[in-house]
Amino acid sequence: MSSTGESPLLPAGGAHVRAVTDEFHGDLLEVSMGPHHPSTHGVFRMMVTLDGERIVRLKPVFGYLHRNHEKIGESTTYLSSMPYTDRLDYLNSMTNNWAYALAVEKLAGVPVPERAEYLRIILAELTRLQNHICLAGFLLQDSGASGTPLMYAFREREKILGLFESLSGSRMMCNYQRFGGCRVDAAPDWLARARNLVNGFGAFLDEFEELVTGNEILMARTQGIGVLTAPAAVGAGITGPMLRAAGVGYDVRKVDGYGLYPRFSFRVPVGAHGDTYDRYMIRILEMRESISILQQALKDIPEGPVMDPKAKIRGFRPKPGEAYGRIEGPKGEIGFYLISDGTPNPYRYRVRPPSFINLTVLEDLCLGHTVADSVVILGSIDIVLGEVDR
Amino acid sequence: MESLEQLCCRLLARFPGAQVSVVPNPGAAAQHSVLLDPAHARAIAEFLRDDEALALDFCSNVTGVDWPDKTVVEVTKASVPDPAGGPAKVTEQKKERLEPGYLEVVYHLYSVKLRHGPLVVRMRTENRTDRVSLPSLTPVWRAAEFQEREVFDLYGAVFQGHPDLRRILMWDGFKDHPMRKDYVEPEDNEWEPTPHGDLLAKVKLQQAAPAAAAPSGAAGGTKS
């Protein structure tokens, strides 16, 4: 808040309330929501100006979790940043790993074996399942459905994290991808477990949808709330399910066709209204498509190595140049921009954080709605502060 | 999408007086980029967005790069004929030249409408100290709003025409730009109750001349 000349770090807690007088609107109230508000999913602050209960201005305040990830990435080798990308969006470490590995592979021209590409797709789609089901649970929690839907979601998510743990050794900080493949191979019984889980996930989704999708209260809280139009979404750089909910069928998996995605048949669900309910529904539909991709991948996965035999782990120095690699992460387009000057460390290491850029339209979505709606809208944007603040 | 050379020709024909050039990328990715001059960048950006063959309506990534001043050693060889009639002597002359650094802002543009990209566009400031202003492209692509703020915060490039140019990740009272290559972390010895050895020498130096020893970044909103 440079307008008031105060530091964003000073007022902690959600109790910072101040009256602002404005001759046109009567008494406006400026409320600091966050940084330790449970609905902000981390340490995030919204400076909200209220006219009664209606929001007339909203300024997001960032930086509480800032540790200059990019500077740290520039001061270490390429490989040392790989485990650190897990900490960006800590729900989706597998896709963060993949985006970074893809950018480095582009930079250095490293090929990836077929089995590794299949494993990457399997892990990315499992990540998408657990991220989207978490989001659905959190969104319902935010809109007042305490407990049950979130616990249902977490029960399924824990099964997927169990798979990640048995493959990579860690539930959330997987550190699994390498430049030119994957760290370890998946055993046949791991694939059997994954098949089992995927085959059962559809039934769980049916159960979950029966519980909440048609729920009258959920519809009342989300339909027509926080409407985002397609031109506004494209102009503001919105990506991922939020863009598709606004009616733009843009999916990097289809557009760039990275990895082996062109081999798989899947559809890109597109919303019709761009409201919060559409953003919830798009995630449910995307999960159904992910299940279909997973079933195809687990059926066709070939035998073979998971690392390119010529890939260098030690003494990795890409030739001078630059590359921008991006993938369709569960939250949107996650990209890495790297400049190499021929040394073991990247000269420039940049993360394109999807949930940070998706917050650009937060104020537009919230204007005219109530404080309680802003919580639901923020929940539907799907942010993780580890990535927003980096 | 047309090649970058063709694009440059088209831009030069459309914007007489603009300086547009292709910056080659020698790496394996071969994502070459277009360097725009700041005076025409805003108009060119609007053209890139609105042109029907390009329709680059989606600005995916905006970022800064710091290129500090560097000394370039130029070696010139001169052959001096031997007056006694022997073979000519080759003398080498070394000349050091200071190449001024600059801040660079890189935009990665895609087209959602036509499904192509990326077009990489760069702009450079004149130097790294006092002439660091560039035109903001936020009025063209709103996606740049937070990212240009981030470049302003971490690199110190000033975007003219940005609707809300404030620090975004660091706090308002912060003075320096941490992503610059010559950034020095402020000394923070609070963690050491009884400084000794090298640290003691540093602390003494700091106490003797606080302004000189502590870089400007130490003045933070939380401490004041």
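List of remarks:
- Counting only helices (runs of 4 or more DSSP H) that sit wholly inside region A:143-234, those with at least 1 residues that are hydroxyl-bearing (Ser, Thr, Tyr) are A:148-168, A:216-222.
- A:ALA272 vs. criteria surrounded by fewer than 16 Cβ atoms within 10 Å (Cβ to Cβ), of a type in the set (A, V, I, L, M) and in contact with an Asp or Glu (Cβ under 8 Å, 6 or more places away or on another chain): yes
- Flag if A:LEU243 is within 22 Å of the chain's Cα centre (by Cα), assigned to a helix (DSSP H, G or I), within 14 Å of chain B (Cβ to nearest Cβ) and surrounded by 22 or more Cβ atoms within 10 Å (Cβ to Cβ): yes
- Taking helices (runs of 4 or more DSSP H) as the structural unit, those lying wholly within region A:304-390 and holding at least 2 residues that are charged (D, E, K, R) correspond to A:362-366.
- Residue in region B:47-64 that is out of contact with any His (no Cβ under 8 Å at 6 or more places or on another chain), aromatic (Phe, Trp, Tyr) and more than 14 Å from chain A (Cβ to nearest Cβ) present: yes
Per-residue answers, yes or no, for (1) without any contact (Cβ under 8 Å) to a residue 24 or more places away in the chain; (2) among the hydroxyl-bearing types (Ser, Thr, Tyr); (3) in contact with a strand residue (DSSP E or B) (Cβ under 6 Å, 6 or more places away or on another chain):
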{"position": "A:THR40", "(1), (2), (3)": "no, yes, no"}
{"position": "A:VAL43", "(1), (2), (3)": "no, no, no"}
{"position": "A:MET47", "(1), (2), (3)": "no, no, yes"}
{"position": "A:ARG54", "(1), (2), (3)": "no, no, no"}
{"position": "A:LYS71", "(1), (2), (3)": "yes, no, no"}
{"position": "A:TYR84", "(1), (2), (3)": "yes, yes, no"}
{"position": "A:LYS106", "(1), (2), (3)": "no, no, yes"}
{"position": "A:GLU114", "(1), (2), (3)": "no, no, no"}
{"position": "A:ILE122", "(1), (2), (3)": "no, no, no"}
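- Region A:246-259, subset within 10 Å of another protein chain (Cβ to nearest Cβ) and in a helix (DSSP H, G or I), residue nearest to A:VAL361 (Cα to Cα): A:VAL252
- Exactly one residue out of B:GLU46, B:GLU5, B:GLU74 is assigned to a strand (DSSP E or B) and farther than 30 Å from B:PRO178 by Cβ, and it is B:GLU74.
- Region A:286-337, subset away from chain B (no Cβ under 14 Å) and closer than 19 Å to A:PRO354 by Cβ, residue surrounded by the fewest Cβ atoms within 10 Å (Cβ to Cβ): A:GLU289
- Taking residues in region B:23-40 that are more than 10 Å from chain A (Cβ to nearest Cβ), and partners anywhere that are part of a loop (DSSP other than H, G, I, E, B), the pairs with Cβ atoms closer than 7 Å and at least 6 places apart or on different chains are B:ASP37/B:ALA18; B:ASP37/B:GLN19; B:HIS40/B:PHE15; B:HIS40/B:ALA18.
- Options A:ARG67, A:ARG45; residue that is of a type in the set (D, E, K, R) and touching a Pro at 6+ places or on another chain (Cβ under 8 Å): A:ARG45
- Output for region A:164-192, where each listed residue is of a type in the set (A, V, I, L, M) and over 20 Å from the mean Cα position of the chain (by Cα): A:LEU167, A:VAL184, A:ALA186, A:ALA187, A:LEU191, A:ALA192
- Qualifying helices (runs of 4 or more DSSP H) (wholly inside region A:18-123; at least 3 residues being over 20 Å from the mean Cα position of the chain (by Cα) and within 12 Å of chain B (Cβ to nearest Cβ)): A:69-74, A:93-108
- Within region B:8-22, considering residues that are assigned to a helix (DSSP H, G or I) and among the hydrophobic types (A, V, I, L, M, F, W, C), the one farthest from the other protein chains (Cβ to nearest Cβ): B:ALA13
- Of the numbered criteria (1) in a helix (DSSP H, G or I); (2) surrounded by 19 or more Cβ atoms within 10 Å (Cβ to Cβ), the one A:PRO262 fails is (2).
- Scope region A:244-291; condition among the β-branched types (Val, Ile, Thr) and under 19 Å from A:GLY226 (Cβ atoms); matching residues: A:VAL248, A:VAL270, A:THR276, A:ILE282, A:ILE284
- Residue that is nearest to B:LEU56 (Cα to Cα) [pool: residues in region B:137-186 that are more than 9 Å from chain A (Cβ to nearest Cβ), aromatic (Phe, Trp, Tyr) and touching a strand residue (DSSP E or B) at 6+ places or on another chain (Cβ under 7 Å)]: B:PHE159
- Just so you know, in region B:98-124 the residues that are more than 19 Å from A:ARG350 (Cβ to Cβ) and aliphatic (A, V, I, L, M) include one that is farthest from the chain's Cα centre (by Cα), and it is B:LEU114.
- Residue count, region A:335-352 (criterion: of a type outside the set (A, V, I, L, M, F, W, C) and over 24 Å from the mean Cα position of the chain (by Cα)): 8
- Checking each residue in region B:6-23 for being surrounded by 12 or more Cβ atoms within 10 Å (Cβ to Cβ) and over 12 Å from B:ILE44 (Cβ atoms) picks out B:CYS9, B:SER21, B:VAL22, B:VAL23.
- Just one of the numbered conditions (1) touching a Cys at 6+ places or on another chain (Cβ under 9 Å); (2) crowded, with 17+ Cβ neighbours inside 10 Å; (3) free of Cβ contacts under 8 Å to residues at least 60 places away in the same chain is not true of A:TYR176: (3).
- Residue in region B:16-26 that is in the same structural domain as B:ARG124 (by TED's automatic domain parsing), out of contact with any His (no Cβ under 6 Å at 6 or more places or on another chain) and either farther than 26 Å from A:TYR337 by Cβ or modelled with pLDDT of 90 or more (or both) present: yes
- Here A:GLY224 fulfils each of the conditions (1) on the phi > 0 side of the Ramachandran plot; (2) in contact with a Leu (Cβ under 8 Å, 6 or more places away or on another chain) apart from (2).
- Among the conditions (1) crowded, with 17+ Cβ neighbours inside 10 Å; (2) within 11 Å of another protein chain (Cβ to nearest Cβ), A:GLY342 misses just one, which is (1).
- Inter-residue pairs, beta-carbon under 9 Å, first touching a residue at least 24 places away in the same chain (Cβ under 8 Å) and in region A:366-383, second in a strand (DSSP E or B) and crowded, with 24+ Cβ neighbours inside 10 Å, 6+ apart: A:CYS366/A:MET46; A:SER374/A:MET46; A:LEU378/A:MET46; A:ASP382/A:GLY332
The values are calculated or read from the model by the stated rules, or taken from the named source; none is laboratory data. Keep in mind that what you see is a predicted model, and the values were worked out from it rather than measured. Using ideal geometry, Cβ is built from the backbone for each residue, glycine included, and neighbour counts are taken over all protein chains shown.
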